[in-house]
Amino acid sequence: MSTGKWVSASMPYLTPRENGQGDAWSAEAAAQGRRGTQRILHAGEVPAPADVAQLLGVPEGEPVVVRRRLILLDDAPVELTDTYYPAQIARGTALAGTARIRGGAVTLLARLGHVGAVVREDVTAGLPDEDERRTLHTSPTDPVLRLTRLTLDGDDRPIQVDQMVMPAQRQRLRYEIRIG
């Protein structure tokens, strides 16, 4: 791993944590001798944007719960993540609030009876919009990676959509696939 570049794997973020464990990001960063934190920028119900509505299988504009987080590594912004949940799953839970969730959102979802079984990720690259550029401290010409993750339960029902934006020059995504 080169200095300043973070290697990120998805699996730790898809698995509920054991009782007493912190969130996956803090643990992953600590394992590398770094400090991973996050700041909740917004949480609550919003009308579902078209792309999120399609992934969650709800009508555009229907209320969904979103948590917008700024992910920090050693106090430097490395990712901006919007996580959307169907309102019937998240309304009235900690997912709709700005407080930290012990063990992370995936752990809370599992406690609520919603366990991910299938995950689909799409990664694209592009330039940041003004808000992303300002939040992630990039220039207008620094490319970003956009990762969209859809998590489905064992009955193929959508339970979560993550939309992540990461400065491309600071990231390397790693996928490990086991067959058979």
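In table form, for the structure just shown:
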{"read-out": "Gly57 in contact (Cβ under 8 Å) with a residue 60 or more places away in the chain, farther than 20 Å from Gln171 by Cα and under 15 Å from the mean Cα position of the chain (by Cα)", "value": "no"}
{"read-out": "Out of Val64, Val106, Val78, sole residue that is of a type in the set (Val, Ile, Thr) and either surrounded by fewer than 18 Cβ atoms within 10 Å (Cβ to Cβ) or modelled with pLDDT of 95 or more (or both)", "value": "Val64"}
{"read-out": "Filter result for the condition that a residue is out of contact with any Gly (no Cβ under 8 Å at 6 or more places or on another chain), more than 16 Å from Arg67 (Cα to Cα), surrounded by 17 or more Cβ atoms within 10 Å (Cβ to Cβ) and not hydroxyl-bearing (Ser, Thr, Tyr), over Arg172, Arg120, Arg133", "value": "Arg133"}
{"read-out": "Cβ pairs under 7 Å, 6+ apart, first in the range 64-90 and without any contact (Cβ under 8 Å) to a residue 40 or more places away in the chain, second of a type in the set (Lys, Arg)", "value": "Val65/Arg91; Arg69/Arg39; Leu72/Arg39"}
{"read-out": "Only listed residue being within 18 Å of the chain's Cα centre (by Cα), β-branched (Val, Ile, Thr) and under 30 Å from Gln32 (Cα atoms), chosen from Thr81, Thr93", "value": "Thr81"}
{"read-out": "Subset tally (residues that are in contact (Cβ under 8 Å) with a residue 24 or more places away in the chain and not in a loop (DSSP other than H, G, I, E, B)) for the range 125-153", "value": "12"}
{"read-out": "Qualifying residue in the range 47-61 (condition: modelled with pLDDT of 70 or more, touching a helix residue (DSSP H, G or I) at 6+ places or on another chain (Cβ under 8 Å) and surrounded by 15 or more Cβ atoms within 10 Å (Cβ to Cβ))", "value": "yes"}
{"read-out": "Flag for Val115 being over 17 Å from Val52 (Cβ atoms) and either assigned to a loop (DSSP other than H, G, I, E, B) or in contact with a Leu (Cβ under 7 Å, 6 or more places away or on another chain) (or both)", "value": "yes"}
{"read-out": "Checklist (1) in a strand (DSSP E or B); (2) touching a Pro at 6+ places or on another chain (Cβ under 6 Å) applied to Leu80, failing item", "value": "(2)"}
{"read-out": "Per-region count, the range 33-52, residues in a loop (DSSP other than H, G, I, E, B) and either farther than 19 Å from Ile89 by Cα or touching a residue at least 12 places away in the same chain (Cβ under 8 Å) (or both)", "value": "4"}
{"read-out": "Residue among Arg34, Arg69 that is in contact with a Ser or Thr (Cβ under 7 Å, 6 or more places away or on another chain) and of a type in the set (D, E, K, R)", "value": "Arg69"}
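The values are calculated or read from the model by the stated rules, or taken from the named source; none is laboratory data. Please read these numbers as outputs of a predicted model, since none were measured by experiment. Glycine also receives a Cβ, built like all others from the backbone with ideal geometry; neighbour counts cover every protein chain displayed.
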